[in-house]
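Data block below; observations after.
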Amino acid sequence: MGPLRIEPAKAFEEAMTTQRKLAAALDTLRKVDDVDFGVTARDPVYREDKMVVYRFRGEKKPTAKVPILIVYALVNRPYMVDLQDDRSLVKNLLARGEDVYLIDWGYPDGADRWLTLDDYINGYIDRAVDAVARHCGVPKVNLLGICQGGAFSLCYAATHADKVKNLITMVTPVDFRTPDNMLSNWVQQMDVDLFVDTLGNVPADLMNLCYLMLKPVRLNQQKYVGLVDILDDKAELENFLRMEKWIFDSPDQAGEAFRQFIKDFYQGNKLVQGGLKIGPHEIHLGDVGMPVLNIFAEQDHLVPPSASRVLGEHVGTDDYTAIAFRGGHIGIYVSGRAQREVPTAIHDWLAARA
């Protein structure tokens, strides 16, 4: 290792820049507005327990005849798809004429400790699909499943094909035992029974810590060091705070559903290996016979591409399309590239099957 080379002039310039930005921060912070997410107007169309199904309102009436129902993961709030005005998958789909609905799972508490995957998939999702279809007066809906919600949507589509016209999966794990899946490697030897029996519901803070430790330096240090660079930019600082608020506004996980998801999906890899049973249904991906669009992110550290791209080898449909997005697990919703590419890809794919 060579000697550390420091250019005094450059170091002095960087120190002065940092000092100016820190001084400007006092003024910027006074001007920062309250930040929130979920910017698009929406109306509740169905409620059950803590779940609410919303329909989003665009600036014009939808032209699509079949609605999209977004099924998000249980582990985060769903408004990453509608984070802010210029970073909204929902808004961009509405602008293209789609009719967009979303399941908001709410915040599980002690009353939800014994909810199972059967309750979520054959219960809540099924009744949400019925509510959306009834609201639009159609026999089938388009499902857009995201991350864990994509895995749920695959299970649902395999067993309720009569209610799903087209299936879209985004950053969805299918093979849960790929070598590059760090999260999977962590939980293979986990005693999930002891874990759930001890904790009941899984605390959100514990889940967040696990995700942050997948990239500990980048997610716990570098991003806050980088914060100095935007302390004099009100808009960029608000963007940062909005993302931070979303990250740490996470629900607890219903204990029994968490137990089954870890044991059957991560440890057993039953979605591709077989033997997965949700309620009364044996899940076979070969029963997914409707058109499928699978979108995955090439730099995804939570759901590596290898975990998603195998979907085409298992579904039963001949109408299968895969799109590799150049970005990460979150960037696929909020980056400038995503705003240009992802909504257009979804809309054009659906329009070709209208």
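Bear in mind that the values in this text are calculations on the coordinates, not laboratory data. Since the model is a prediction, treat every value here as computed from it, not as a measurement. Counting neighbours? That spans all protein chains shown, and the Cβs are built from the backbone with ideal geometry, glycine included.
Under 19 Å from a label point 7 Å along Cα→Cβ of His314: give me every residue in segment 251-280 with its amide N that close.
The answer is 258-280, whose backbone nitrogens lie closer than 19 Å to the label point.
Could you sort out which of Lys65/Lys270; Lys91/Lys277; Lys50/Lys91; Lys163/Lys245; Lys61/Lys245 sit more than 28 Å apart by Cα distance in this structure? Walk me through the intermediate numbers first.
Details: Lys65/Lys270 35 Å; Lys91/Lys277 36 Å; Lys50/Lys91 25 Å; Lys163/Lys245 35 Å; Lys61/Lys245 31 Å.
Beyond 28 Å between Cα atoms: Lys65/Lys270; Lys91/Lys277; Lys163/Lys245; Lys61/Lys245.
Using a simple spin-label model with points 7 Å from Cα along the Cα→Cβ vector, what separation in nm is obtained for Thr198 and Asp180?
3.3
Over what distance in Å are the Cα centres of segment 251-323 and segment 217-244 separated?
Here the two parts' Cα centres lie 34 Å apart.
What is the local net charge at Ala338, summed over the other residues whose Cβ is closer than 12 Å to its Cβ (Lys, Arg +1; Asp, Glu -1)? It would help to have the intermediate numbers written out before the result.
Values: positive: Arg87, Arg326, Arg337, Arg340; negative: Asp86, Glu341.
Net charge around Ala338: +2.
Name the shape class, rounded, prolate or oblate, that the alpha-carbon gyration tensor gives for segment 63-135, where a ≥ b ≥ c are the square roots of its eigenvalues, rounded holds for a/c under 1.5, and otherwise prolate holds if a/b is larger than b/c and oblate otherwise.
oblate
So how do 182-189, 52-59 stack up, highest first, on mean other-Cβ count within 10 Å? Walk me through the numbers on the way to the answer.
Details: 182-189: 14.1, 52-59: 18.8.
Result, highest mean first: 52-59, 182-189.
Projected onto the charge dipole of the chain (+1 at Lys/Arg Cβ, -1 at Asp/Glu Cβ, origin at the Cα centre), which of Cys147, Thr63, Ser88 gives the Cα projection farthest towards the positive end?
Working it through, the farthest residue towards the positive pole turns out to be Thr63.
May I ask for the angle, rounded to the nearest 10°, between helix 336-351 and the longest principal axis of the chain, with both axes built from Cα atoms and the value confined to 0 to 90°?
10
If you take the square roots of the eigenvalues of the alpha-carbon gyration tensor of the chain and sort them as a ≥ b ≥ c, do you get rounded (a/c under 1.5), prolate (a/b over b/c) or oblate?
Details: a/c = 1.75, a/b = 1.42, b/c = 1.24.
It is prolate, given that a/c is not under 1.5 and a/b is the larger ratio.
Would you mind checking the tilt of helix 126-136 against the longest principal axis of the Cα atoms of the chain, expressed as 0 to 90 degrees and rounded to 10?
Its long axis makes an angle of about 90 degrees.
According to the square roots a ≥ b ≥ c of the eigenvalues of the Cα gyration tensor, what is the shape class of segment 281-326, taking rounded for a/c under 1.5, prolate for a/b larger than b/c otherwise, and oblate for the remainder?
Numbers: a/c = 3.19, a/b = 1.69, b/c = 1.88.
Taking the square roots of the gyration eigenvalues as a ≥ b ≥ c, segment 281-326 is oblate.
How far is it, in nm, from the label point at Arg218 to the one at Ala322 when both lie 7 Å from their Cα along the line to the Cβ?
My value for the distance between the label points is 2.2 nm.
What ³J(HN,Hα) values, in whole Hz, does the Karplus curve 6.51 cos²θ - 1.76 cosθ + 1.60 give for segment 69-80 when θ = phi - 60°, with x put for Gly and Pro?
10, 8, 10, 8, 5, 7, 7, 9, 5, x, 7, 4
Modelling each spin label as a point 7 Å along the Cα-to-Cβ direction, I'd like the Lys31/Val225 distance in nm, to one decimal.
Modelled inter-label distance: 2.8 nm.
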